[in-house]
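Here is the structure we will look at, set down as structure tokens.
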Amino acid sequence: MYNLTAVGYNGRDGPPKKILIAFSYTEQPSQEGGGKGLVHFPLPAPKKLFNYALLRIHFFHFGSQIEDSDMGISCDDVVLIQPGKTPDEPSVVTINCPDKAGLGCDLCRVILEFGLSITKGDFSTDGRWCYIVLWVVPTPNSRQVDWESLKTRLSSYCPSCAFPVYFNQQSTIPSPSPVYLLKFWYLDRKGLLHDVTKVLCELELVIQRVKAMPTPDGKVLDLFFVTDCMELLHTKQRRDDICEHLIAALGDYWITCELQLAGPEYESSQGCSSLAPAIADELFGYELSDSEACLQALSPDMRAREKASITVDNSLSPAHTLLHIECVDQKGLFYDILRTSKDYNIRIAHGRFSSNVEGFRKMDLFIQQTDGKKVVDPESQIALCSRLKEDMIHPVRVIIANRGPDTELLVANPVELSGKGRPRVFYDVTLALKVLGLFIFSAEIVRHSTPVRQWEVYRFRLDDSREFPLASSRARSKIVDRVRRTLMGR
């Protein structure tokens, strides 16, 4: 049977022009309904177990002529956020806007940038309009959330809310934000690099590249290439405000701070990394070794949880392929799944992410190819499932290797086809190293290309310590395990 619940409407004076309906399906058979102006979505056949569907219906009132200006919704209603009443209660984020390719991935990236974790989610689209509901909670060690700023950022990724819903929305690539160079001198101490990174994240700056260089006299020169989510770095007030926050955070350790538009030095920093072939094979190889030398694996208790299963079913819907996914829960999981789907040109028409149950998630995704057809080719199914499993189990790669006489921690994550990297990686790695009490001798972010895709690589040269002698394989394993746990929110 079908259970209908009106969740919103848009209209001026008189009858509503559009009614948004959430509707669920249970296995009890029901009669096919009809009705002028009702857009039908394919549903699973009766007696096929599919205990939910959150669908969005567009119902138009045909009693009067509808103007284009009436077909949109108020921009204030595109994103609605209901903060939780208590710190433990999830906040509810609702997005209601025209659809475009990759929108879900973009929205999940923003949520991850704000230090939030998605506890569950429901979404649906007919290719023209989408309706998304996400329940979010702050991740450990995250800053206090500025909900108005989050709403503004999420709204900026939504297509124009005044666009008529009966036209297909095309994906548009926004012009890239200008890159600025933050040049920062300070007296060195353990954990200071993370303190700087924390301030930049709180100020909604995205770190594109980093080069941290110590000097023999105990000083450090940090070169942060950043973009501004608020698009205000061209103003002197915004630049001065950033420097003031950094100076306040560093106190007596601060020496100088400069912020200016990046020049040729940024272009030169975007070259390919010079990783040794053996290290590149270890870091990017698909078959991840269980040997102690590889150090990709977690501690034994975590290794047992590193599993993922994907079931492909083309029998439940005449128009969609169902992916049933079960995997361990981790920070950024929904972003990783939607990023992979976006890169493979897969459109997710309907989906639900269930709540965490004993550390595991279950997800059902009804997908189509860009031509509107199901994924029926066996090779295409295998390729998609293999990439999804790889990105769910190992969304980041973490190893420790020797670099001449030095010891280097390397962290790598895939880059979206749009060129964007995974949010907050530098923040999480520097936090983990600060908690461990390890001194970062130097750090940089580079790009590395393999025959399959491009990676963002974070390189940290570490100093030896009494608690973590870097010549010890056991100490290296502990460092890798702590860094990866922090990245995955465990």
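The values are calculated or read from the model by the stated rules, or taken from the named source; none is laboratory data. Quantities reported herein were computed from a predicted structural model and do not represent experimental measurements. Heads up, the Cβs are rebuilt from the backbone with ideal geometry, glycines too, and the neighbour counts pull from every protein chain shown. Side chains included, ligands, DNA and RNA excluded: accessible areas come from the protein's heavy atoms. Shrake-Rupley method; radii C 1.70, N 1.55, O 1.52, S 1.80 Å.
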field: At most 16 other Cβ within 10 Å, DSSP loop - trypsin sites (Lys or Arg not before Pro), region 376-464
entry: Lys420, Arg453
message: For region 177-270, what does the accessible surface come to per residue with a 1.4 Å probe? Please give it in Å².
response: 48
- request: Just the number, please: carbon plus sulfur as a percent of the accessible area of region 307-377, 1.4 Å probe, no ligands or DNA/RNA counted.
  value: 50
task: For region 177-270, give the percent of accessible area contributed by carbon and sulfur heavy atoms, probe 1.4 Å, rounded to a whole number.
output: 55
query: GluC sites (Glu not before Pro) within region 428-488: which are DSSP loop residues with at most 13 other Cβ atoms inside 10 Å?
result: Glu467
task: Step through the table entries Lys151/Lys478; Lys236/Lys434; Lys120/Lys342; Lys100/Lys362, compare each Cα-Cα distance with 27 Å, and write down the pairs that go over it.
output: Lys151/Lys478; Lys236/Lys434
message: What is the percent carbon and sulfur in the accessible area of region 79-157, measuring with a 1.4 Å probe over the protein chains and ignoring ligands?
response: 51
- line: With the 1.4 Å probe rolled over protein heavy atoms, region 79-157 has an accessible area per residue in Å² of 38
message: Per residue, how large is the accessible surface of region 352-490? Use a 1.4 angstrom probe and give square angstrom.
response: 41
